[in-house]
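The block underneath contains the structure these notes are about, expressed in structure tokens.
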Amino acid sequence: MGDLAPLATQLDAAPVLAPEPVTAPPAHSPGLAPAPPARAWLIPARLIPAWLILACSALTTLAVTLWRIGGPSFWRDEGATLSAAHRSLPQLLRMLGRMDAVHGVYYLLMWLLVRLAGRSELVLRLPSAVAMAAAAGLLTALGRRLVGPAAGLAAGLSFAAIPAVSWFGQDARPFALETAVATAASYCFLRALDSGAGPGGRPHGTPRDGRWNWWYAVSLTGLGLANIFGLLLIAAHGTTLLVLHHRTGRQVVRRWLAAVTVAVVALLPLEVLAWSQRGQVSWLRTPLAGSLASTGRLAGPPAAVLAVAVIMAAALAVTALAGWSRFRSAWPGRLAALGRVAGPAALALIVLAGLPPSSVSADRMGTATTFGAWTRSSASTPAPATP
């Protein structure tokens with residue numbers, strides 16, 4: 001025990017080490033970014049079910065198009081739909097053999113609807129409102145797959161605010177149906193690209209990949225039945241493949257050509273009949289510069305278009321001032337590719353100006369081409385796989 005006394009004395013004399021205080025790093029440390037503010041009240045977009053995002057855009061568009069839809073009486077073009085729907089089925093078929101074959105499927109749908117629900121303004125315009133709502137949901141799905149859920153929802157809600165959407169959504173004509181089917185075809189086209197292009201641009205080659213190409217063929221066939229001129233969207237989709245040749249293999253191109261061939265061959269009787277009736281629109285003049293410039297009315301009044309352009313330019317400028325890394329993180333890489341939209345759209349419109357007169361208007365051609373070019377430019381940057 002005596003030997004342990006010095007050791008005990010040494011232990012008692014040993015200094016007691018107190019724990020060092022832990023200090024937080026400075027708020028603006030050069031190596032650490034400031035913590036983002038708490039946003040507990042926000043629900044992350046990835047946690048929102050996909051069907052809810054699509055339904056929000058579709059129901060909003062439906063509400064907009066249904067607002068006072070039965071108020072105005074039928075106007076001149078809607079009178080043609082009403083006249084076709086009032087005929088007996090044999091009379092309607094004989095009429096389509098002489099004129100308006102391009103609207104034949106739509107007239108047959110209206111003929112059936114009139115006999116089931118009546119001939120009021122609401123009844124004949126309701127299919128267009130539903131078609132525009134479907135187009136909004138499909139556009140949301142496109143934006144969700146290309147960029148993300150928030151971008152898809154913003155695209156769908158912005159679509160509902162475009163004046164042309166409410167106009168054609170309350171019009172007893174086939175153009176809303178054409179819009180919906182064209183959007184579906186573009187979505188199927190994008191899914192076919194995503195499923196067919198593997199790492200390094202080589203196709204997967206799995207049997208499951210081909211199903212979207214067949215849905216694409218079905219949607220193109222439906223687009224031609226809704227309006228034969230909707231098939232001009234094929235040219236925009238072909239431009240997409242031309243630009244993405246470095247990322248897609250030959251198998252993807254072959255599948256696309258097969259889908260297009262199936263649709264064109266299936267529509268061949270309608271194409272021949274429509275060509276034989278081209279004299280019906282011989283009074284239309286070839287689009288000139290004034291007609292091409294009028295395509296801007298689809299986006300709304302000039303003041304509204306200018307306001308949106310100024311807001312977008314200001315947002316881009318403010319983000320760019322924070323630095324290139326901040327700009328790339330805040331805006332999707334597809335945004336820079338949108339600058340290439342003007343080229344294909346302008347080229348297509350110039351080609352259109354040299355075509356003989358037809359019932360396709362310059363504004364529809366510009367809209368279809370711009371939409372296809374937007375899809376092409378958006379797809380040029382790989383996006384996360386979102387169902």
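Here, each number is a calculation from the coordinates, and none is a lab measurement. Quick caveat, the model's predicted, so the values are computed rather than measured.
Could you work out the percent of alpha carbon pairs in region 129-277 separated by over 26 Å, rounded to a whole number? That tail contains 30 percent of the Cα-Cα pairs.
Its Cα gyration tensor gives region 50-129 an equivalent ellipsoid, and the semi-axes of that ellipsoid, as √(5λ) in whole Å with the largest first, are 28, 15, 11. In order along region 155-164, the Karplus-derived 3J(HN,Hα) couplings, from 6.51 cos²θ - 1.76 cosθ + 1.60 at θ = phi - 60°, round to 5, x, 6, 5, 4, 5, 8, 6, x, 5 Hz, and Gly and Pro are given as x.
Computed 3J(HN,Hα) for region 105-116, one whole-Hz value per residue from the Karplus formula 6.51 cos²θ - 1.76 cosθ + 1.60 where θ = phi - 60°, is 5, 5, 5, 5, 5, 5, 4, 5, 5, 4, 6, 8, glycine and proline marked x.
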